[in-house]
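Here is the structure we will look at.
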Amino acid sequence: MGLLTGKTALITGASKGIGRAIAIRFAQEGANIAFTYLSSVEKGQALEEELNSYGIQAKGFRSDASDFNAAEVLINGVVTEFGSLDILVNNAGITRDNLLMRMSEEAWDEVININLKSCFNTVKAATRTMMKAKAGSIINITSVVGIKGNAGQANYAASKAGIIGFTKSVALELGSRNIRSNAVAPGFIETEMTEVLDEKTVQGWRDAIPMKRGGQPEEVANACVFLGSDMSSYVSGQVLQVDGAMLT
Ligand code: NAP
């Protein structure tokens, strides 16, 4: 029996990178998996097939994380299809980096809406189901950048810091209903999001990491398995850094 057997998990933005790794690790631990994607349609379909090979129920939903009404439709779809929703992982996220002086209003709004408002959208829609079940684990993917800030990422850092405040507030509001809310703060993880950085920047990040390497998506996924499972039944309102001691 896996750590997540019998549970249904929804993971947003799972067509690649960290979200994809979370979906696969959760399936390996026996969870049924609902997941979302937006532009990577083929990758989303391929993931659904791969997840089904683990002998669990899996379904991908094309859904824009920044869309408030779409979140309601999504959660209703998941509950209809799977019968429950036990774990919600808000992972969908983007960067639109620029120095503040050059940052457009669109780049600010897009990052805040996709990274931060998305968490409000899904948590608000999922709360009724979790409250009825008197159980739930919410995991929001933030970043070490949300804790320390980063030049050239004012929009991204603000969205990720906002996620931490949101996560703690949800833990306080819903704790009495046995709904836990935690955040995972990855450091430098090797995915398509970081692939676009130039070699000098990447080397700078690596030099600043005491473990002297970038993290793998599976290493973030393992932290999510812990927070999604009953192994963390008394852990709520926390930010778990997965960063090779980068920010210590
Ligand atoms: P990634 O490889 O670029 O993947 C991002 C995922 O988000 C994709 O599956 C993408 O789906 C989805 N997505 C983007 N916009 C969306 C929208 N509007 N609606 C639904 N899905 C959307 O990025 P990653 O590195 O895996 O990052 C995953 C999360 O970890 C993000 O929240 C990121 O901020 C956070 N994080 C990453 C790092 C890192 O070093 N990589 C560090 C700290 C935190 P489509 O392609 O289908 O649109």
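Read-outs: derived from the displayed coordinates by stated rules, not from any lab. Here the structure is a predicted model, which is why all the values come from computation and not from measurement. Cβ: placed from backbone, ideal geometry, glycine included. Neighbour counts: every protein chain shown.
Helical runs assigned H by DSSP (4 residues or longer) give the chain a calculated mean residue ellipticity at 222 nm of -13500 deg cm²/dmol, each run adding -39500 (n - 2.57) before division by the residue total.
Based on the alpha-carbon gyration tensor of the range 100-245 and its eigenvalue square roots a ≥ b ≥ c, which shape applies: rounded if a/c is under 1.5, prolate if not and a/b is larger than b/c, or oblate? Verdict is oblate for the range 100-245. Taking the centroid of alpha carbons for each part, the range 1-46 and the range 133-212 are 19 Å apart. Of the chymotrypsin sites (Phe, Trp or Tyr not before Pro) found in the range 153-248, the ones in coil according to DSSP and having at most 14 other Cβ atoms within 10 Å of their Cβ are Tyr234.
Scanning residues 5 or more positions from Gln238 or on other chains, those with amide H under 5 Å from its amide H are Ala183, with H placed 1.01 Å from N in the peptide plane. Put a dot 7 Å past the Cα of Gln216, heading toward its Cβ, do the same for Lys134, and the two dots end up 4.1 nm apart. Comparing Gln238, Gln216, Gln203 in a Gaussian network model of the chain where C-alpha atoms under 10 Å apart are linked, the largest mean-square fluctuation is found at Gln203.
Full extension of the chain between Lys148 and Thr80 yields a length gain of 20.4 nm, computed as 0.36 nm times the residue separation minus the alpha carbon distance.
Counting only alpha carbon atoms, the long axis of helix 154-174 and the longest principal axis of the chain meet at about 30°. An ellipsoid equivalent to the range 85-140, defined through the eigenvalues of its Cα gyration tensor, has semi-axes of 31, 10, 6 Å when rounded to whole angstrom and sorted largest first.
Neighbours of Gly162 by Cβ distance under 13 Å: Lys/Arg scored +1, Asp/Glu scored -1, total +3.
Overall, the chain carries a charge dipole of about 740 debye about its Cα centre when +1 sits on the Cβ of Lys and Arg and -1 on the Cβ of Asp and Glu, all other atoms neutral. In sequence order, the range 197-214 has phi-based couplings of 6, 6, 4, 5, 5, 4, 4, x, 4, 4, 4, 7, 9, x, 7, 6, 7, x Hz under the Karplus curve 6.51 cos²θ - 1.76 cosθ + 1.60, θ = phi - 60°, and Gly or Pro positions carry x. Specify whether the C-alpha gyration tensor of the range 33-106 places it in the rounded, prolate or oblate class, a ≥ b ≥ c being the square roots of the eigenvalues: rounded for a/c under 1.5, otherwise prolate if a/b is larger than b/c and oblate if not. Verdict is prolate for the range 33-106. For the chain, the percent of C-alpha pairs falling in each 10 Å distance bin, counted from 0 to the bin holding the largest distance, reads 8, 33, 39, 17, 3, 0.
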